[in-house]
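Input: a single structure, listed below in structure tokens.
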């Protein structure tokens, strides 16, 4: 499997981990979770995740991925964006799962062995006179392909 396929699986794994969180889905009113950018005129309460940097690594005989993503909750009310960011963190780090320490980010055929949440990120933008708060974290993901 080419490493690009592994990166696609990581994107899908992140999306899947976010969409199984009942708290996050309730917060954003359904599956308002987008890769890169939300559609124009998106209602408040949504999530954006985007790859910042990273690539495949030549650190073992197996294929390996080491990537960083920025994942933020977006809302017109700062406290609501903060709540959404907490739900994102719980969904990705497994801190609210039955089996803490087991990555909720799943990639078929790969072992996601590290999901690290870094420093908080906060930005506010004015769009046509409306403030949009983007609050979240940078997340580090490391995975390697399982042996056949």
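Here are the numbers:
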item	result
Those residues of region 24-49 which are touching a strand residue (DSSP E or B) at 6+ places or on another chain (Cβ under 7 Å) and surrounded by fewer than 19 Cβ atoms within 10 Å (Cβ to Cβ), in sequence order	34, 35, 36, 37, 38, 44
Conditions (1) in contact (Cβ under 8 Å) with a residue 40 or more places away in the chain; (2) under 19 Å from residue 124 (Cα atoms); (3) under 17 Å from the mean Cα position of the chain (by Cα): number failed by residue 78	(3)
Residues within region 132-148 that are modelled with pLDDT under 90 and out of contact with any helix residue (DSSP H, G or I) (no Cβ under 8 Å at 6 or more places or on another chain), tallied	6
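The values are calculated or read from the model by the stated rules, or taken from the named source; none is laboratory data. Keep in mind that this is a model prediction, so the values were computed, not measured. Cβ atoms come from the backbone with ideal geometry, glycine included; neighbour counts cover every protein chain shown.
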